[in-house]
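Undergrad: Questions regarding the structure given below will be posed in turn.
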Amino acid sequence: MFIASFLTFGFLFIIPVLLFYEVLREKNIIKLLITITSLFLIYLVIYVVFNFNYLNSFRIASSIENPEGFRLLSDPIDYFFTRLENIFEILLFLGPFLTILAFWGITILKKKSKDLFIITILGVSSLLAMFLTGAYKTGETARACIFIYPFLMFPIAAYLENRNIGFSEQYQLSWLTFGQAVLMQLFGFYFW
């Protein structure tokens, strides 16, 4: 968690996922508290040794991202449309084939693996909550939120396992997703 937190403030995404999973499934948050306390102590040592204030850096990044304050209040139309853009951008890069399989697979995942279903719902909910706070303006959301794609793979895997697809269907799906990636790279123009 320390390495993730040092790379991006987006690591905050995982804390609600871990918290609610621990509360819902384990009924115990001791491991999470130990992890967060350890992270706090590491940043405290870094502050004492290098005078690097992580919370101040987060505040500065937040003010750069939202210079007029919370955009729902300062620019509600832009806020609303950028929230939709963020969601659609993630789905665009996931692609139509995998998006459909994820949609079909979510009910199958709920029946097959309650734990993975809960983790998937928590992951998506945590990302949506980040979007509601105003995180991520427009563009590069799919790259910045690459951490959501593994959560979206769980329902896809459940659907594929349930269908018990053969080699030819696996081959076809592989080529469809690869073809989509090639077409997006060759002909797509993504202006952020």
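Undergrad: With each label point set 7 Å from Cα along the Cα-Cβ vector, what nm distance links Leu183 and Ile100?
TA: Inter-label distance under the simple model: 1.2 nm.
Undergrad: Using a 1.4 Å probe on the protein chains only, how many percent of the accessible area of the chain belongs to carbon and sulfur?
TA: Result for the chain: 72 percent of the exposed heavy-atom area is carbon or sulfur.
Undergrad: What aspartates and glutamates could a cross-link reach from Lys114, if we take a straight Cα to Cα line under 18 Å and drop same-chain neighbours fewer than 8 places away?
TA: Correct list for Lys114: Glu22, Glu26, Glu161.
Undergrad: If you don't mind, there's one more thing I want to ask. Between Ala4 and Ile77, what FRET efficiency comes out of the Förster formula 1/(1 + (r/R0)^6) with R0 = 45 Å and r the beta carbon distance, rounded to 0.05?
TA: Numbers: r = 33 Å, r/R0 = 0.74.
E(calc), rounded to 0.05, equals 0.85.
Undergrad: Also, quick follow-up: May I ask you to list the GluC sites (Glu not before Pro) in segment 86-192 that are in a DSSP loop and have at most 14 other Cβ atoms within 10 Å of their Cβ? It would help to have the intermediate numbers written out before the result.
TA: Values: sites: Glu89, Glu140, Glu161, Glu169; in loops: Glu140.
Here the sparse-neighbourhood loop sites are Glu140.
Undergrad: For the chain, what is the accessible area per residue in Å², given a 1.4 Å probe and the full set of protein chains? Don't jump to the answer; show the numbers that get you there.
TA: Details: 12670 Å² over 192 residues.
Roughly 66 Å² per residue, with all protein chains present.
Undergrad: What distance in nm separates the simple spin-label points at Phe58 and Lys111, each placed 7 Å from Cα in the Cβ direction?
TA: The modelled label-to-label distance comes out at 4.2 nm.
Undergrad: Please check: in the Gaussian network model of the chain (C-alpha springs, under 10 Å), which one of Thr82, Thr141, Thr177 has the largest mean-square fluctuation.
TA: Among Thr82, Thr141, Thr177, the largest GNM mean-square fluctuation belongs to Thr177.
Undergrad: Now for a different question. According to the Cα gyration tensor, what semi-axes, each the square root of 5 times an eigenvalue, does the equivalent ellipsoid of the chain have, listed from largest to smallest in whole Å?
TA: Numbers: eigenvalues 208, 117, 49 Å².
Whole-Å semi-axes of the equivalent ellipsoid: 32, 24, 16.
Undergrad: So what's the back-of-envelope 222 nm ellipticity for the chain, counting only DSSP H runs of four-plus at -39500 (n - 2.57) apiece and dividing by all residues, rounded to 500?
TA: Estimated from H runs of four or more residues: -24000 deg cm²/dmol.
The values are calculated or read from the model by the stated rules, or taken from the named source; none is laboratory data. These numbers come from a predicted model, not from an experiment. Cβ: placed from backbone, ideal geometry, glycine included. Neighbour counts: every protein chain shown. Surface accessibility is based on the protein's heavy atoms, side chains included, excluding ligands, DNA and RNA. Shrake-Rupley method; radii C 1.70, N 1.55, O 1.52, S 1.80 Å.
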